[in-house]
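The values are calculated or read from the model by the stated rules, or taken from the named source; none is laboratory data. What you see is a predicted model; the values in this text were computed from it and never measured. All Cβ positions, glycine included, derive from the backbone under ideal geometry; neighbour counts span all protein chains shown.
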Amino acid sequence: MPARRRRRPLLACADLGNSRIHLALFEGARVLRARALDYADLRHSGAREILRRPDLEAVCYSSVVPSKEREFERRLRPSVVLKLGRDLPVPVRVRAGASWSPGTDRLCNALAAFRRFGGACICVDIGTAVNIEVVSNRGELVAGIIAPGPALMLQALRRCESLPEVRSVTLLLGRSTQGNMAGGVGLAVAGLVREAVGRARSLVGRRAPVIATGGGAPLLRGAGYIDRFDPLLTLRGIALAYRHRR
């Protein structure tokens, strides 16, 4: 009778973003479950099956919304709870001479991308904001940008009384007011990323691969300058930061 595989400790990872919370359950490097939820849905069974399991070794999370952290931690099953930046560092250096302190979500993107490619790379994260991280061949974070994401751009256009509400964007030229807005915002994001990738490659090498993540990343499918899509990139970085500590 074959021996049963010994189960590795389970780790719950969470990324508290501006608009949503992303969750994943890891067994080692393997993702067993993943969910993306609104904050109002933290009581949802999908959140409980990740965050309140009795066999969790720990819950590790990154946050860009301090106002949500107390509520989040209150929903957890009593266990080891580690917040990146407070209880645990992310093992990514910012290049000497830089005067910025990137959020732990961006450091996790850089960590996970560098581990995947093993060298210089570029991360594109399209969510509420567009974040781009430029990672050197030594794994250092050397530069980046922050810009409004598609939803924020559409909100800005809605300040014009004569413009309608638009909820999704595209890379097509429009034949209606809504189509003009959807195409304008989509092409603005795609053009921004294309230009940023070109400038980033001048810093770390013209062959540096580009990995995209975030809810808006599918907009760039077919754009021609994204080498890989990984919707769980930030969560993988959180898990790597935890395992590095151990």
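Observations on the model:
- Search result, residues across the stretch 134-176 that are in a loop (DSSP other than H, G, I, E, B) and touching an Asp or Glu at 6+ places or on another chain (Cβ under 7 Å): ARG158
- Within the stretch 16-53, if we keep just the residues that are within 18 Å of LEU233 (Cβ to Cβ) and out of contact with any strand residue (DSSP E or B) (no Cβ under 8 Å at 6 or more places or on another chain), the residue that is surrounded by the most Cβ atoms within 10 Å (Cβ to Cβ) turns out to be GLY17.
- The residues on offer are VAL189, VAL210, VAL185, and the sole one that is touching a Lys or Arg at 6+ places or on another chain (Cβ under 8 Å), aliphatic (A, V, I, L, M) and at pLDDT 95 or above is VAL210.
- Restricting the stretch 54-106 to residues that are among the aliphatic types (A, V, I, L, M) and at pLDDT below 90, the residue that is surrounded by the most Cβ atoms within 10 Å (Cβ to Cβ): LEU76
- A single entry from ALA182, ALA200, ALA190 fulfils the requirement of being among the aliphatic types (A, V, I, L, M), surrounded by 15 or more Cβ atoms within 10 Å (Cβ to Cβ) and in contact with a strand residue (DSSP E or B) (Cβ under 7 Å, 6 or more places away or on another chain): ALA200.
- Residues located in the stretch 226-245, provided they are assigned to a helix (DSSP H, G or I) and either acidic (Asp, Glu) or crowded, with 18+ Cβ neighbours inside 10 Å (or both): LEU233, THR234, LEU235, ARG236, GLY237, ILE238, ALA239, LEU240, ALA241, TYR242
- Residues within the stretch 19-37 that are part of a loop (DSSP other than H, G, I, E, B), at pLDDT 90 or above and either among the polar types (S, T, N, Q) or more than 20 Å from GLY215 (Cα to Cα) (or both), tallied: 2
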